[in-house]
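Quick note: the coordinates plus some simple rules give every number you see, no bench work behind them. These numbers were taken from a predicted model, which means no experiment stands behind them. Heads up, the Cβs are rebuilt from the backbone with ideal geometry, glycines too, and the neighbour counts pull from every protein chain shown.
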Amino acid sequence: MSGISGSYYDGRSAARREVVVSRQGTELRLTGADLDVRYPAAGPWLSPPLVGLGRTLRFSDGAVCEFPPGADPEAVLGLQGQRFSLMVGLWERSLPLVGAALLLTALLVVGFVTWGIPFLARQVAYAVPPATEKSLGRDTLDILDRMVFSPSRLPEQHRKEIDTLFRGMVPDLPGTRTYRLEFRSGARVGANAFALPSGIIIVTDSLVKLARNNDELMGVLAHETAHVRKRHALRHVLQDSASSLVIVLLTGDVLSITSLSVTLPAFLIDASYSRDFEREADDEALAFLDKRGIPRKSYADMLARLQADHDRTAGAQEKKRSSTPADWFSTHPVTEERIRRITN
């Protein structure tokens, strides 16, 4: 009767006992100081043979027996590892298979980041209840008003005219969402517009002054309403905050994402939407303009003027400091590319 030495843990305490494991017919016998136990030979799970690591026997009652590296319980005890364990061991000892596994892992990670996370973020964003979305929009606006914006300096009559223009656009926009137009002044953001959850659209004084006519303003406003309908801001933050996305998916508690109201303002001011989000919003803006019979060139001209204004603002800021915060156009798709899509 041959045996193999190992370390035995009974699964109920951390005490280790040195034992000798031997095969006696259809049973495994483990003997040591004050220990003599038997298990069916067909019952234990044997870990795969990995280079430099010892093997482990796991018994049905939670007990474990560990063997030192180099020990061969299969040969000594006549055990057979499970098919999966044998495949793992074979894979681990083959450089081509290890390389294939690393490549497959890299592809899976890239695929999950590229397609999986955006898909999951979309599902979570659209599952947010209206009350939660409303809370996100309100809290985000409050933070922006404290940290970034100041009250609008546009004449009240001018604000009313633009608000009337915007309310007249709503019937021609897809869906039945409600929107609220807010005017703000903010030197840091310059000529800009922001779409907040719950349908809040913020327009800066500088953007209103930059627009030469109502057609240009309507193109920008239609673009921002598309960001609201598609929940781009929330989806972008969820994609960037993968941990929040995972928590929501595991717990199903979409109400917990109200905490993202702290993250949303920073995203809106210092980050940007992805190329896909911008193209999607541009396409919706173009559909609105076409429906109204407004030349697409008016929207393209507004984008070009906004880019030029951004370049001037960024140049002035660069003279004051070595680095400038990114704003609405800093990491947008190249404006020339967007204009070509619009005019074509």
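Extension gain for residue 119-residue 24 works out to 28.6 nm (0.36 nm per residue, less the C-alpha to C-alpha distance).
Computed extension length for residue 42-residue 126: 25.1 nm, one decimal, from 0.36 nm per residue of separation with the Cα-Cα distance subtracted. Sorting the segments 20-30, 194-204 by their mean number of nearby beta carbons within 10 angstrom, highest to lowest, gives 194-204, 20-30.
Take 274-280, 167-173, 136-142, 33-39 and order them by the average number of nearby Cβ atoms within 10 Å per residue, most first; the result is 136-142, 274-280, 167-173, 33-39. For residue 180 and residue 153, a Förster radius of 25 Å and the Cβ-Cβ distance give a FRET efficiency of 0.80, rounded to the nearest 0.05. Are any of the pairs 230/291; 134/230; 160/209; 209/297 more than 23 Å apart by Cα-Cα distance, and if so, which? With Cα atoms farther than 23 Å apart: none of 230/291; 134/230; 160/209; 209/297.
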